Structure formats: structure tokens, C-alpha cells
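The values are calculated or read from the model by the stated rules, or taken from the named source; none is laboratory data. This one's a predicted model, so the numbers in the text were calculated from it and none came from an experiment. Neighbour counts are summed over all protein chains in view; Cβ atoms, including those assigned to glycine, are modelled from backbone coordinates with ideal geometry.
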Amino acid sequence: MPGQIIHGRDVAEDRRLEADFCIVGSGAGGGVCALKLAQAGFEVIVLEEGPDVPKQTGHGGPCHVRRTLEEREARMYRRLYQEGASRLTSDFQFLVLQGRCLGGGTTVNWSACLPPPRSTLDFWNQHFELDLSLDQLTPFIREVVNYLHIHRDDRFNQSAQKLVEGCRALGLSFENLPNNTLDCRECGSCGTGCPYDRKQSGIVKWLPDALNLPEAAGRVTICTDTRVVRLDFDGRTARSVQARFLHEKTQPTGRNLTVVPRLGVVLSAGAIGTPAILLRSEFPNDLIGRYTHIHPVTICFGLYPDQTFPAYGVPDNMMTADFAENEDHTGYLIETGSFFPVMTAVTTLDFGSRLRRVMSDYSSRGAITYAHNNSGFDLNWDYGTVTLAGNGDPELEYRLQAGNRTGMKDSLRQMTRIHLAAQAEAVYHITNPSIEIRSESELGLLDQVVFEPARTSLLTVHVMGGSRMGGNPHNSVVAPDFRLRKSDNVWVVDGSVFPTGLGANPQVTIYSLALLAASHICQAHGGPFRLDHQEPNPLWQLDTT
Amino acid sequence: MATGHYVDVGSSELTHLSPRSAQVLCALGEAFIGADFRQIVPFRRFVLDVDDLMNYQKTETREDLKTGLNAVQSMLLRWIGLGLFPPEWGRYTHLSLEKRQDILRRLQEGDSSNQRQFYMGFNNLICSSFYGDPASWTELQYEGVSVDDQCVLQGHRWRPDDARPVEKCDPAGPC
């Protein structure tokens with residue numbers, strides 16, 4: 001019997017449901033667990049705070065699959081992102097972009113796929129008493145690569161082309177960044193949800209496959225528009241999950257849901273959501289919410305003599321990793337992006353005629369580069385903390401470390417050099433006051449850049465940690481088998497378990513760790529676990545053992 | 001001097017803003033975007049859209065922004081760190097565009113993070129609404145989304161040195 005989706009906004013009365021497992025969150029961690037636990041025969045309920053993204057044929061014909069994902073930035077940000085894409089760190093320094101919809105971050109990410117960096121795993125193993133090697137993770141990574149059709153897509157937009165030209169001129173290496181797309185239409189709308197279902201996200205792969213499992217498998221029920229308030233513990237055991245149904249515009253409907261888990265709870269609400277639930281549950285561990293990490297993103301725009309159509313094409317499929325590794329792990333990946341009017345305007349700190357001129361110039365002749373700066377490796381620095389406001393809303397306080405400030409400034413310098421080497425007329429920096437650099441001799445202007453709130457526009461799309469995993473019970477929230485310490489029946493399966501930042505786009509790592517976690521959960525409860533897609537794959541040398 | 005009246009909108013049409021704060025929002029919007037704001041995006045559409053966006057913000061952010069709009073209007077600018085302005089400046093909505101932009105600049109360049117945070121908060125509301133409106137895209141030469149627009153899908157060569165159409169898409173046939 002196929003599973004079902006319950007739209008919380010339509011539920012007219014309080015509900016009480018029971019299942020073997022309650023999974024909180026439907027993103028990279030929750031989607032994987034839903035499929036794998038159901039495959040093992042367990043009955044599963046998935047609770048997702050955001051809305052469903054219904055599949056309907058659009059009026060343009062059968063090509064227009066997801067009518068509700070119509071690429072309009074302003075509307076899609078509200079529908080698909082936390083706080084309508086206006087979530088900020090508590091000091092307003094970082095715009096924090098996180099998915100809040102069925103499929104979570106997998107629905108709205110730019111489809112960039114990278115494996116976990118070996119140096120990061122080594123650091124975790126050395127300092128957090130873990131045993132996560134690339135060799136151990138290879139079967140899980142291979143499963144993800146094959147199942148999600150991850151491959152190198154050589155159809156570059158102009159931002160990518162300019163990165164290639166700049167890197168060539170400077171003698172830097174560059175590489176095609178793999179994507180999890182299948183027959184991509186290059187509309188450029190990954191960040192507002194793929195309207196054609198070509199991105200192999202949670203709403204295309206893990207969740208539909210979980211809902212459509214054959215009868216012998218466990219039944220899957222997904223509740224959307226359902227915000228988990230807390231878990232009720234009886235000693236070490238979570239007895240129930242308390243949730244509220246939400247209206248379309250995120251306000252509570254007044255109807256509540258209680259889920260009683262027969263075997264356990266899997267928390268996959270992300271690196272702000274999961275710690276927030278544990279804090280609201282008053283779970284006794286002072287480390288919850290601590291050591292939350294982000295990849296600070298620095299951005300610059302090159303202005304070129306020719307038209308570039310920077311809003312269109314695959315946004316993120318070219319990068320240079322030449323600056324990724326350094327001794328203190330404050331390196332960065334430079335990747336390409338697309339120009340979207342709302343996101344560009346919101347991050348720009350200019351106003352009036354200058355804002356208008358910048359928007360007009362760069363929307364037609366711009367090329368965009370982003371640097372994901374690695375972070376979280378200074379063990380003496382308190383990076384980020386998730387806390388609760390009086391009404392229970394989560395807040396992220398984030399403190400930039402000195403080495404990061406140096407690395408981030410260097411990333412601006414290197415991105416500027418790449419654009420200039422690609423023959424950009426000017427390179428625009430979203431600082432206050434804004435800076436435009438026209439030649440290498442002006443690079444000194446970047447010395448003025450100050451990383452303070454509203455002095456330099458910064459954002460992050462990768463939030464990690466807050467329920468960090470480790471072998472030492474005194475400095476970790478989650479044990480190496482993904483079990484919440486001091487609990488018998490709660491597992492944490494999302495990016496919140498990362499002990500530091502990752503140093504790469506994290507979706508493949510979260511998927512792979514989620515498969516590993518699912519294998520632990522199945523083993524703990526005597527359920528079969530299997531990997532179904534182990535064909536050799538040349539990507540990342542997954543064709544060798 | 002401006003008349004102080006920018007938009008006709010009733011309280012029953014608004015969830016979070018008041019008709020008064022809607023006037024302040026428009027006065028700020030014009031300062032952010034320019035004197036031709038209302039010729040590009042009608043103020044009424046803008047106000048209703050911002051009010052809708054505020055549904056999705058967390059309570060604290062929303063309340064801070066409403067407080068900020070009130071503070072700007074009543075010129076309680078000492079509270080947000082700008083110091084007292086000459087009394088003849090009166091209410092924000094009644095100031096000339098030049099003076100409104102001057103206040104905006106002081107917020108933008110303010111020494112205290114409080115001032116700059118208000119600037120960012122206003123920037124977020126105003127820019128996401130103005131540039132989210134297709135009417136603002138003409139001057140960007142941005143042709144909008146591609147789902148419903150075959151010209152966008154097939155007309156632009158955003159892949160350099162590649163003349164292939166993006167996709168041979170027959171609306172009547174299978175994809």
C-alpha cells in the first residue's frame with residue numbers, strides 16, 4: 001500500500017499518530033532515513049515544517065511539470081526558505097539561506113556535489129575520536145552518486161566561462177563541479193526549486209521512492225506544514241513528538257499533532273532546527289547548540305564588455321580548488337553562480353542611483369563568483385551558538401575567527417584577480433561603501449574591507465554543527481553511531497552532527513552519513529539494510545575499491 | 001517637501017503594517033530606489049507585497065522592523081543612534097527626497113551596528129519587493145523566468161560557443 005502525504009494546513013482537528021519511527025525533517029538526512037527505514041520494513045512518519053511542492057502539469061504543456069515552482073524568486077523564497085529567505089544571524093552579519101519545504105535543502109540547493117574532503121575527515125577522526133575514513137564511506141558515496149546521477153555537466157554559463165578564462169590566464173587549475181541533475185534544462189532556477197524535476201533532489205528521489213515502496217515494506221506517512229515543538233522525554237526515552245500544524249504562511253492553525261514513536265525518533269531538522277528542538281525539549285546537555293559552523297560566503301561580480309545573460313544556465317558547475325587547503329583550514333573554494341535580481345539587490349548595500357546603476361550593469365554584463373570559506377577548525381574558538389528567543393524561535397549567534405577574516409579577504413582578492421584576468425572592466429564588491437576595482441593596481445582598495453554587520457554583505461548556504469558528533473561523551477552531543485547521548489531512542493542524522501565546517505558543498509556528505517546512520521539504526525532494531533546502487537563509477541574514482 | 005501621503009491602503013487589507021507605517025515604508029522605498037519608484041512599481045502593490053513577506057519573517061524580526069518604521073517616522077532617531085535632527089525636518093514622510101536619502105545615508109554609514117542593522121532590515125524588505133516585481137526588470141534587461149517563455153529558453157546563448165538551443169521542447173509532445 002503506497003504511503004501518503006498529509007498537508008498540515010488542511011487538517012481540521014488535533015491528531016495523534018503512531019509509527020515505528022518518527023523522522024523530523026525531510027531534507028538530505030530525513031529523506032534517506034525515510035527510504036532506508038521503510039525498505040527495512042519499519043513504519044515511518046516524516047514531519048516537515050515546510051509545504052509540499054505538488055506535482056501538477058503546468059499550462060505550458062507536459063514539460064512544465066511542477067506548476068507551483070514557477071521560478072519567481074520573491075514568491076519562491078517565501079514558499080521554500082526559512083523565514084522567507086530573510087533569516088539572519090543575530091548580529092545581522094550573515095544572511096542564512098536554508099530550505100523550509102518538502103525535501104529541505106535538497107529542493108533549493110544549486111545541485112553542486114563534492115565528496116567530503118579527506119583532510120576534514122582526518123581532522124574529525126584525530127580530534128573528535130571518530131572513525132570516518134573515505135574508504136569506509138566509499139560504498140555510501142557510491143550509492144549516492146549512482147542513485148542521484150551525479151556527474152560532471154559540461155554545459156557552462158558565462159559566469160563559468162569567465163572563471164575558466166581567468167584561471168587559465170593566471171595559471172590556476174579549474175574543474176567542472178559535478179551536479180545531481182538528469183537532462184538539465186539550464187533554466188538556472190535550482191535555487192528556487194527545479195520546476196522540471198531534473199534536479200535529483202529529495203522530492204524527486206528519496207521521498208517518492210519511499211512513498212511508493214512495495215507492500216512488504218514499511219508504510220510511510222509524510223506530514224507537511226508541521227512544525228515540531230519538542231520531544232517529551234521520560235528519562236532517556238523520547239515518548240512523544242509534539243508538533244503544530246501551520247497555515248500556508250507559516251502561522252499555526254491551532255491544530256496540534258502528537259506522534260508516538262514505537263522504536264525511535266530521528267532528528268533531521270538541520271543544523272539550526274535540530275539543536276532548537278532539543279533546546280525546547282530541555283534535553284540535558286550543555287553542548288546542544290554550541291559549535292555551530294557555517295561556510296561564510298564572500299561574493300564578487302565581474303563586469304564584462306559583452307553580454308553575459310548571467311541569470312540563465314547551470315549556476316554552479318565550475319570551480320577552482322587551488323585555495324582550498326591551508327594549514328589552519330581557512331581556505332576556500334571559488335565557485336560560480338547566477339545573477340538573480342532579488343538576491344543581488346538584497347545583498348547589495350548601495351541605494352539610490354548607485355544601486356540602480358549596479359543592478360542594471362551587472363544583470364546584463366555580469367559574471368558572479370562565490371567563495372565558500374572553510375571554518376570551524378580552531379578548537380579554542382567559540383564559533384556559533386544556537387539559542388532560543390523567548391517564544392522558542394531559534395537564533396544563531398556567529399563569531400568570525402581571525403584566521404577566517406584573513407582567508408575571506410584573500411578570497412575577495414583572488415576572485416577579483418580572476419575576473420580581471422578574464423578581461424572584466426570592473427569588479428564590484430558588496431561592501432559599504434561599495435568598492436569597484438578596475439585593475440590589479442587597485443587591489444589595495446580591498447584593505448578597506450571590514451567584516452562587520454552591514455559593512456560587507458555576507459551570507460551562508462551551509463550551516464553545520466550544533467549537535468556535534470564525537471567519541472568522547474564529554475565534548476559531544478551525538479555518539480559515533482548517531483545516537484543522541486543520554487537517550488535510548490533518539491538519533492541525529494543531518495549536518496548538525498558535523499564537528500567542524502566541512503570545506504565542501506555538504507549534500508553528498510550528509511547523504512552518505514545518513515546512509516551510514518540508517519545502517520546503524522537498522523542494525524540496532526534487527527532490520528535489514530542494503531545498498532542497491534553499487535555499480536562502479538569513475539567519478540571520484542568510485543570504480544576502484 | 002512631500003505631502004506625506006503615498007498610498008491608499010486600508011488597515012483591513014494589511015496583516016502586519018498599519019496604514020501609517022505603509023506611508024513610511026513608501027517614503028523609505030522612494031529613498032532607496034529613486035523618485036521614479038511609483039512609476040515602475042505602484043506603491044499599493046509594493047506595500048501589499050511587503051506585508052505578505054512579513055508573514056514569513058520570525059516575530060522578532062517583524063517587530064523590530066515595525067519599530068524601526070515608527071522610529072524613523074516620528075524622528076525618534078536618537079533611539080536608533082542618529083541624534084536629534086532639526087525640528088523643522090518634521091516627520092520623515094514629509095521630507096524631500098534629498099533629505100530622506102540623507103537620513104538613509106546616515107543609517108547606512110552609521111558607526112553603531114544598530115543603525116546599520118536597521119538599514120539592512122529596510123534594504124531587505126524594500127529591495128526584495130521592488131526587484132521581485134517583474135515591472136522592475138525592464139531596466140535590468142532581465143527577461144524573467146524561463147518556464148513560460150520559450151524566447152528566453154531558446155533565444156539566449158548563455159553557453160559560449162554553443163549554438164544549440166537549450167532544449168527542443170515541443171509543448172504538445174513528451175519531454
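Restricting region B:135-157 to residues that are at pLDDT 85 or above and more than 8 Å from chain A (Cβ to nearest Cβ) leaves a set whose member that is farthest from the chain's Cα centre (by Cα) is B:Thr138. Taking A:Tyr312, is it within 22 Å of the chain's Cα centre (by Cα) and more than 29 Å from A:Ala421 (Cβ to Cβ)? It is false that A:Tyr312 is within 22 Å of the chain's Cα centre (by Cα) and more than 29 Å from A:Ala421 (Cβ to Cβ). Listed by first and then second residue, the pairs linking a residue in region A:104-133 that is charged (D, E, K, R) to a residue that is in a loop (DSSP other than H, G, I, E, B) and at pLDDT below 95, with Cβ atoms under 8 Å apart and 6 or more places separating them unless they lie on different chains, form an empty list. Among the residues in region A:388-395, are any crowded, with 23+ Cβ neighbours inside 10 Å, under 19 Å from A:Ala454 (Cβ atoms) and within 13 Å of chain B (Cβ to nearest Cβ)? The answer is no, given that none of the residues of region A:388-395 is crowded, with 23+ Cβ neighbours inside 10 Å, under 19 Å from A:Ala454 (Cβ atoms) and within 13 Å of chain B (Cβ to nearest Cβ). Within region A:129-161, being part of a helix (DSSP H, G or I) and hydroxyl-bearing (Ser, Thr, Tyr) holds for A:Thr138, A:Tyr147, A:Ser159. Taken across region A:393-407, residues that are more than 23 Å from A:Asp350 (Cα to Cα), in contact with a helix residue (DSSP H, G or I) (Cβ under 7 Å, 6 or more places away or on another chain) and of a type in the set (Ser, Thr, Tyr) do not occur at all. Checked against the criterion of being closer than 30 Å to A:Thr431 by Cα and modelled with pLDDT of 95 or more, the candidates A:Gly25, A:Gly99 yield just one match: A:Gly99. In region A:121-149, of all residues being under 22 Å from A:Asn472 (Cα atoms) and in contact with a helix residue (DSSP H, G or I) (Cβ under 9 Å, 6 or more places away or on another chain), the one that is surrounded by the fewest Cβ atoms within 10 Å (Cβ to Cβ) corresponds to A:Asp131. In this entry, A:Leu516 passes the filter for residues that are assigned to a helix (DSSP H, G or I) and within 20 Å of the chain's Cα centre (by Cα). All of (1) modelled with pLDDT under 95; (2) closer than 24 Å to A:Asp10 by Cβ; (3) surrounded by fewer than 22 Cβ atoms within 10 Å (Cβ to Cβ) hold for A:Thr221 with one exception: (1).
Just to be sure, is A:Leu95 in a loop (DSSP other than H, G, I, E, B) and either under 30 Å from B:Val50 (Cα atoms) or away from chain B (no Cβ under 14 Å) (or both)? Taking the combined requirement at face value, the residue does not satisfy it. Within region A:341-387, the set of residues being hydrophobic (A, V, I, L, M, F, W, C) and within 9 Å of chain B (Cβ to nearest Cβ) comprises A:Val342, A:Met343, A:Ala345, A:Val346, A:Leu349, A:Phe351, A:Leu355, A:Met359. Restricting region A:391-410 to residues that are of a type outside the set (Lys, Arg) and more than 21 Å from the chain's Cα centre (by Cα) leaves a set whose member that is nearest to A:Arg230 (Cα to Cα) is A:Gly392.
The single condition among (1) at pLDDT 95 or above; (2) closer than 23 Å to A:Trp381 by Cβ; (3) outside any helix (DSSP H, G or I) that A:Thr509 does not meet is (3).
Entry remark, region A:157-175: residues being within 14 Å of another protein chain (Cβ to nearest Cβ) and touching a strand residue (DSSP E or B) at 6+ places or on another chain (Cβ under 6 Å) number 5 in total.
Out of all the residues in region A:43-73, which are of a type in the set (A, V, I, L, M, F, W, C) and either out of contact with any Leu (no Cβ under 9 Å at 6 or more places or on another chain) or modelled with pLDDT of 90 or more (or both)? Matches in region A:43-73: A:Val44, A:Ile45, A:Val46, A:Leu47, A:Cys63, A:Val65. Of all residues in region A:280-299, one or more are over 25 Å from A:Gly466 (Cα atoms), surrounded by fewer than 24 Cβ atoms within 10 Å (Cβ to Cβ) and over 17 Å from the mean Cα position of the chain (by Cα).
Selection over region A:407-435 of residues that are closer than 25 Å to A:Leu95 by Cβ and either within 14 Å of chain B (Cβ to nearest Cβ) or free of Cβ contacts under 8 Å to residues at least 40 places away in the same chain (or both) gives a count of 7. I'd like the full set of residues that are aliphatic (A, V, I, L, M), more than 26 Å from the chain's Cα centre (by Cα) and not in a helix (DSSP H, G or I), limited to region A:414-450. Scanning region A:414-450 gives A:Ala422, A:Ala424, A:Ala426, A:Val427, A:Ile435, A:Ile437, A:Val449, A:Val450. Against the definition (of a type in the set (Val, Ile, Thr), surrounded by fewer than 24 Cβ atoms within 10 Å (Cβ to Cβ) and modelled with pLDDT of 95 or more), how does A:Val265 come out, yes or no? When the stated conditions are applied, A:Val265 does not pass them. Restricting the first member to region A:517-545 and to residues that are small (Gly, Ala, Ser), and the second to residues that are part of a loop (DSSP other than H, G, I, E, B), the beta-carbon pairs closer than 7 Å and six or more apart or on different chains are A:Ala517/A:Phe482; A:Ala517/A:Val493; A:Ala518/A:Phe529; A:Ser519/A:Phe529; A:Gly527/A:Ala40; A:Gly527/A:Gly41; A:Gly527/A:Phe42. For A:Pro453, the criteria (1) assigned to a loop (DSSP other than H, G, I, E, B); (2) more than 21 Å from A:Thr330 (Cα to Cα) hold in every case but one, which is (2). Within region A:475-498, the residues that satisfy the criterion of being crowded, with 24+ Cβ neighbours inside 10 Å and free of Cβ contacts under 8 Å to residues at least 60 places away in the same chain are A:Val478, A:Phe482, A:Val497. Residues that are touching a helix residue (DSSP H, G or I) at 6+ places or on another chain (Cβ under 6 Å) and surrounded by fewer than 24 Cβ atoms within 10 Å (Cβ to Cβ) were ranked within region A:179-218; the one that is farthest from the other protein chains (Cβ to nearest Cβ) is A:Gly218.
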